[in-house]
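Enquirer: Quick one: this structure, given as structure tokens, is what I'll be asking you about.
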Amino acid sequence: MKVKKFGGTSVGSAERIRNVGKLIADCKKDIVVLSAMSGTTNSLLEISGAIEECDRKRAADLIDSLHDKYKATIEDLYATEDSKAKASEILDSIFDELRMLKEKHFSVALEKEIVAKGEMMSTNLMNLHLQELGINSVLLPALDIVRIDVHGEPDEAYISNEAKKAIKEASDADLYITQGFICRNERGEIDNLQRGGSDYTASLLGALLGAEEIEIWTDIDGMHNNDPRFVEGTTPVHNLHFEEAAELAYFGAKILHPTCILPAREHNVPVRLLNTMDPSAEGTLIENKLEKNAIKAVAAKDNITAIKIKSGRMLLAYGFLKKVFEIFEKYETSIDMITTSEVGVSLTIDNEKNLARIESELSQLGTVTIDRDMVIICVVGDLEWTNKGFEAAALEALRNVPVRMISYGGSNYNISFLIKKEDKTKALRLLSYHLF
């Protein structure tokens, strides 16, 4: 059994739903995880925003507009009037629920309930399409099998038990369709997984059910060795270690969220990234195998702020770093990179929400300097410190680029450089030229 996840772009129209149907039609006993159709989640958030502003008329108009879009999709997708009638009945019911929800007082819980409708609509459309093709598919509602605990983390024991039970009850089915992203919380309310969305659902189900493989289908043929938006001639990386993939995802490779493959890594289930627009492409296989002595890829993370705290009092003074870290912990601000010397520390953050208060408290420890509009460039591969030459090759590639900070040795899989925003494209291209 495999778990196959298709994102919003992959099911973004009647034609693309048909294409996905062709890809999964011959799969037996696989679980298919679907996102909402592209654009739907944004529309639902817009509806939620109108409710928050108490603009019921605008919310009603937005609901009607989205409903019209789905009516057109139904008309295009199905060949028989019977299928069109079934799909219309299900989606009309969902939109009736939306119209009732718009009359309620806004809350975060209400917004989550509204947003969940997107995945409910896409999975029902796909399930009916498969049945029209003569495929014995069954819809397994994610709200029945996926739950998070009081800390917002997946309740793995519950998910494993409920998913296995649901599959056993529908053991005669050829395919199982479920929603990504959405779940219930410990109070039984509709909630969501947030980080990684549908990818996280697929990773959880694949890991907990012991899948042969987890397939993440998107609109690009795997992770590339650099950002194709800025560098010409990038190529897919065919094999990555889980740690390498996590580094790339965290530092800018948007194809995958850094935490969503954690369950797959822990349960040693391979993850394959594939392209719905080019199903024959090899894609990227992510597993617990490391290719030795190889640099795999480069990624960039934008909107970085660098903070330097310089203090003569730091010299030989224990507890200084503890005080620095406590300030960032107090304001729930994570740190990306950090370098230290005897008289100072430099670090980076990607969220300036509490920067003014952080700066105020840090200034009590020393002189604070802030650099905005910075970018972290991350070089990923087998960067074990005993390997020779890799860090030197990366540094040589950037010899004509001003580098604010360098982080090396915190991980066996990356070396990171902090540079100015205006040098990003130049740096990415130089690294591709010299490393690949």
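Enquirer: Tally up the carbon and sulfur contribution to the accessible surface of the chain as a whole percent, 1.4 Å probe, everything protein left in place.
Expert: 48 percent
Enquirer: Just name one of 381, 425, 337: the one whose Cα is farthest towards the positive end of the charge dipole of region 283-436 (beta-carbon charges, Lys/Arg +1, Asp/Glu -1).
Expert: About the Cα centre, the residue reaching furthest to the positive side is 425.
Enquirer: With an 8 Å Cα cut-off and a minimum separation of 6 or more residues, compute the relative contact order for the chain in percent.
Expert: 13 percent
Enquirer: With the radius of gyration and the Kirkwood radius both derived from the Cα set of region 46-127, what is their ratio Rg to Rh?
Expert: 1.01
Enquirer: Using only Cα atoms, find the angle between the long axis of helix 424-435 and the longest principal axis of the chain, and express it within 0 to 90 degrees, rounded to the nearest 10.
Expert: For 424-435 against the chain, the angle is about 80 degrees.
Enquirer: Pairs 4/117; 117/168; 57/102; 57/84; 29/164: which are spaced more than 18 Å apart, C-alpha to C-alpha?
Expert: Long pairs (Cα-Cα over 18 Å): 4/117; 117/168; 57/84.
Enquirer: Another one. If I take R0 = 45 Å and measure r between the Cβ atoms of residue 161 and residue 85 in this structure, what FRET efficiency does the formula 1/(1 + (r/R0)^6) give, to the nearest 0.05?
Expert: Working from the Cβ atoms, E equals 0.80.
Enquirer: Another question about this same structure. So how strong a dipole does region 251-303 carry about its Cα centre when Lys and Arg Cβ are +1 and Asp and Glu Cβ are -1, to the nearest 20 debye?
Expert: Magnitude of the dipole: close to 160 debye.
Enquirer: On to the next question. Only Cα pairs within less than 10 Å get springs; with that Gaussian network setup on the chain, which residue of 280, 346, 411 has the largest fluctuation?
Expert: Among 280, 346, 411, the largest mean-square fluctuation in the Gaussian network model of the chain belongs to 280.
Enquirer: Between residue 331 and residue 96, what is the spin-label point distance in nm, taking each point 7 Å from the Cα along the Cα→C-beta axis?
Expert: That separation, rounded to one decimal, is 5.1 nm.
Enquirer: Can you pull out the trypsin sites (Lys or Arg not before Pro) in region 27-130 that DSSP calls coil and that have at most 16 other Cβ atoms within 10 Å?
Expert: Answer in residue order: 28, 29, 104.
Enquirer: Then there's this: Using the per-residue mean of other Cβ atoms lying within 10 Å as a proxy for protection, in what order, highest first, do the peptides 327-340, 136-149, 12-25 fall?
Expert: Final packing ranking: 136-149, 12-25, 327-340.
Enquirer: If you don't mind, another one. Could you give log10 I(q)/I(0) at q = 0.11, 0.14 Å⁻¹ for the chain, computed by the Debye formula over C-alpha point scatterers of equal weight, without solvent?
Expert: With one equal scatterer per Cα and no solvent, log10 I(q)/I(0) is -0.96, -1.30.
Enquirer: Compute the angle between helix 320-330 and the longest alpha-carbon principal axis of the chain, please, reported from 0 to 90 degrees and rounded to the nearest 10.
Expert: Tilt relative to the chain: about 20 degrees.
Enquirer: While we're looking at this one, here's another question. Using a Gaussian network for the chain with springs between C-alpha atoms less than 10 Å apart, which of these wobbles most: 251, 325, 95?
Expert: 325
Enquirer: Moving to a separate point now. Loop-only GluC sites (Glu not before Pro) in region 214-269, please: DSSP not H, G, I, E or B, and at most 13 other Cβ atoms within 10 Å.
Expert: 232
Enquirer: In region 340-423, what trypsin sites (Lys or Arg not before Pro) fall in a loop by DSSP, with at most 13 other Cβ atoms inside 10 Å?
Expert: Passing sites in region 340-423 are 353, 388, 399.
Enquirer: Related question: Determine the principal axes of the Cα atoms in region 243-294, then give the extent along each, sorted from largest to smallest and rounded to whole angstroms.
Expert: Extents along the principal axes: 29, 25, 22 Å.
Enquirer: Given the options 235, 201, 369, state which has the largest fluctuation in a GNM of the chain using a 10 Å cut-off (strictly under) for Cα springs.
Expert: Checking each option, the largest mean-square fluctuation is seen for 369.
Enquirer: Per residue, what accessible area does region 224-311 have, given a 1.4 Å probe and all protein chains present, in Å²?
Expert: Accessible surface, normalised per residue, equals 43 Å².
Enquirer: Next up: Treating only the Cβ of Lys, Arg, Asp and Glu as charged (+1, +1, -1, -1), what charge dipole size does region 184-234 show about its Cα centre? Round to the nearest 20 debye.
Expert: It comes to approximately 260 debye.
Enquirer: Taking the solvent-accessible surface of protein heavy atoms with a 1.4 Å probe, what is the per residue accessible area of region 359-430 in Å²?
Expert: It amounts to 49 Å² per residue over region 359-430.
The values are calculated or read from the model by the stated rules, or taken from the named source; none is laboratory data. Owing to the predicted nature of the structure, the values given are computational and were not obtained by experimental measurement. All Cβ positions, glycine included, derive from the backbone under ideal geometry; neighbour counts span all protein chains shown. Areas reflect the complete protein model, heavy atoms only, side chains present, ligands, DNA and RNA absent. Shrake-Rupley method; radii C 1.70, N 1.55, O 1.52, S 1.80 Å.
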